[in-house]
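Beneath this line is the structure, given in structure tokens, with notes to follow.
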Amino acid sequence: MGVTDKLLSVQQVAKRMQISRVHVVRLINSGKIPGRKVGRNYVIDEDELEYKLIGKAVDRVVKEYGDVLKRIENS
């Protein structure tokens, strides 16, 4: 993490993702979203979170529409 990175609290991530704070902590502990413990709290790097969420969205689209995307690519 660099000095200019924006760190988000669990509460900020929960609000952004529209889920509970407890669920955010569970996602961090399971490795599904990146987070680091600072004292008794977790912080989440905004860029890492966005990268992870965008990657998951792309994976979901490819899984669901992979055949269509291949046909478009080959046309």
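Throughout, read-outs are computed from the coordinates displayed, never taken from laboratory work. Here the structure is a predicted model, which means the values were calculated and not measured. Quick reminder, even Gly has a Cβ in these numbers, built from the backbone with ideal geometry, and neighbours come from all protein chains shown.
General observations
- Rounded to whole Å, sorted largest first: equivalent-ellipsoid semi-axes of segment 7-74, Cα gyration tensor: 31, 11, 10
- Between ASP47 and ARG71, the distance separating the two model label sites (each 7 Å from Cα on the Cα→Cβ line) works out to 4.0 nm.
- Under-25-angstrom lysine pairs by C-alpha in the chain, whenever the two are 8 or more apart or on separate chains: 17
- The peptide list 60-67, 35-42, put in order of mean Cβ contacts within 10 Å with the highest first, becomes 35-42, 60-67.
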